[in-house]
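The values are calculated or read from the model by the stated rules, or taken from the named source; none is laboratory data. Quick caveat: nothing in here was measured; it's all calculated off a predicted structure. Cβ coordinates were reconstructed from backbone atoms using ideal geometry, including for glycine residues, and neighbour counts include every protein chain displayed.
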Amino acid sequence: MERRTARILACGPPASLPVALNGGQDAHDPPTGMSALREKLMTELERILDQLKRAYEGGAWHGPSVKEVLNGVTAQQAHARPLADGHTIYELVRHIAVWEDVGRRRLSGDPAEVPISSPEDWPPADDMSEAAWEQAKEALDRGHQALVEAIKAVPESRLDEPIMEGKSSVYVTLHGVIQHDLYHAGQIAILKKGM
Ligand code: NI
């Protein structure tokens, strides 16, 4: 889903990690007590939803989630392109939304073929207004909630089946969406450091 950025932005946590991300626990700490018991009783789909929530909303082991890293980013910052060959935060937000939506569509039987590096993969993100930036973030949220609802409706028995014929399993696809969220959240974190 991303050919160019590997050579542009190395992955890595930000220098300063939020102190309490995991329900009051420090980042990197294993869960304890009731939280450990709760995880033990979760189904695999509930675990996937939990990981998706950590990646998107907060409580990620590594640091800032998608929402956390976007907090406070202005439209002007979202359109900045500190790396001539790199993406803007605005472009990354629209691209994250595309692949969350691909996961949801494939669960419903739509192949959702998105050619890599096409305008479908990287939708135009050239409206500089604050209103458009707010709308882009709202669209990302709406798509995310739709994906969460779609995952809740998946029978556990489907997890190891191809999400569609010729595609990865439901399990690999959903974890792929989580990985994709975090990969690009890390890029946004680095872009913010350059501002
Ligand atoms: Ni990507």
Query raised in the report: Just a yes or no: is a residue in the range 139-146 in a helix (DSSP H, G or I) and over 20 Å from Gln51 (Cα atoms)?
Result: yes
Query raised in the report: Considering only the range 76-131, how many residues are among the aliphatic types (A, V, I, L, M) and closer than 20 Å to Ile178 by Cα?
Result: 11
Query - Positions within the range 79-113 being of a type in the set (A, V, I, L, M, F, W, C) and either in contact with a Pro (Cβ under 8 Å, 6 or more places away or on another chain) or at negative phi (or both), in sequence order - result: Ala80, Leu83, Ala84, Ile89, Leu92, Val93, Ile96, Ala97, Val98, Trp99, Val102, Leu107
Query raised in the report: Which residue out of Asp160, Asp181 is touching a residue at least 60 places away in the same chain (Cβ under 8 Å) and either acidic (Asp, Glu) or touching a strand residue (DSSP E or B) at 6+ places or on another chain (Cβ under 9 Å) (or both)?
Result: Asp181
Report task. Working carefully through the options Arg158, Arg104, find the one that is modelled with pLDDT of 95 or more, over 20 Å from Gly58 (Cα atoms) and touching a Leu at 6+ places or on another chain (Cβ under 7 Å). Result -> Arg104
Query - So Val114, is it over 17 Å from Lys167 (Cα atoms) and among the β-branched types (Val, Ile, Thr) - result: no
Query raised in the report: What tally of residues in the range 46-83 results from selecting those that are polar (S, T, N, Q) and part of a helix (DSSP H, G or I)?
Result: 3
Requested in this report: Inspect the range 53-74 for any residue being farther than 12 Å from Lys137 by Cα, of a type in the set (A, V, I, L, M), within 16 Å of the ligand (Cβ to nearest atom) and surrounded by fewer than 19 Cβ atoms within 10 Å (Cβ to Cβ) and give the result as yes or no.
Outcome: no
Query raised in the report: Gln135: within 24 Å of Glu91 (Cβ to Cβ), more than 16 Å from the ligand (Cβ to nearest atom) and part of a helix (DSSP H, G or I), yes or no?
Result: yes
**Report entry** Filter pass, Gly86 being in a loop (DSSP other than H, G, I, E, B) and within 22 Å of Gly58 (Cβ to Cβ)
**Finding:** no
